[in-house]
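All remarks here apply to the structure that follows.
The values are calculated or read from the model by the stated rules, or taken from the named source; none is laboratory data. Everything numeric here is computed off the predicted structure, so don't read it as measured data. No Cβ is skipped: glycine too gets one built from the backbone with ideal geometry, and neighbour counts run over all protein chains shown.
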Amino acid sequence: MVRDREFREDLYYRLNVFPVYLPPLRERKADIPELVEHFVQQFADSMDKTIETIPEETMRALVRHSWPGNIRELQNYIERGVILSNDGIFEPGPLESCEPLEPEVSNPTLEEKVRREILAACQRANWKLGGPRGAAARLGLKRTTLFHKMRCLGIARPADPWQD
C-alpha cells in the first residue's frame, strides 16, 4: 500500500516499531470461553436482554470450532445467538463448519495436557518465555526447564509474520 501511495510511508514505519503477533483464535482455545461470556453480556446489554446461562454443551462446541474468521466471526456468531436467544439462555444457531472440527479428546494423556498448558502459557505471554511475565514464570518453571519440555514435546515458536 505504501508503494501504491495508499498508505503513508512515515506512518507505516512509526507503527512498525513494535510489531505485535497475535495468534489466530484456533490457537488460543483457552481464551474462547471468556470472549464468549464478554460478547454475550455486551450484546445482551445493548439489546436490553438478560442472558443468565450459556449451556456447557454450547460452550464446548464453541471451543472446538476452528473459527477461520477469527474474533470477528466469533463476535458476529455471538451477536446472532443473542438475537435468537430467549428465556435467559444463550441458544445460538448451528455453527457452519468450514474446516473439520478438532475432535475432543475424552481421556487426554498427561503429555497432551502438559503440551496444551505450555502452549496456552506461551500464547498468553505472547511467546516471551523468560522474565517475570514470561511463559516459564506463568507455569512456575525455570526458563531452561521450559525450553527442555518444549523441545521434548515438539513445541516451537510460530513464525513471525512481520519478518520476510
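Checked against the criterion of being of a type in the set (A, V, I, L, M) and either crowded, with 17+ Cβ neighbours inside 10 Å or in contact with a Gly (Cβ under 7 Å, 6 or more places away or on another chain) (or both), the candidates 11, 15, 22, 74 yield just one match: 74. Residues in the range 31-46 that are over 11 Å from residue 78 (Cα atoms) and exposed (fewer than 15 other Cβ atoms within 10 Å of the Cβ): 33, 34, 45, 46. For the range 17-28, the count of residues that are in contact with a helix residue (DSSP H, G or I) (Cβ under 9 Å, 6 or more places away or on another chain) and closer than 16 Å to residue 95 by Cα is nonzero.
If the condition is being under 28 Å from residue 137 (Cα atoms), over 20 Å from the mean Cα position of the chain (by Cα) and at pLDDT 85 or above, then the range 81-125 contributes 109, 110, 111. Listed by first and then second residue, the pairs linking a residue in the range 69-94 that is over 21 Å from residue 50 (Cβ atoms) to a residue that is among the polar types (S, T, N, Q), with Cβ atoms under 9 Å apart and 6 or more places separating them unless they lie on different chains, are 69/76.
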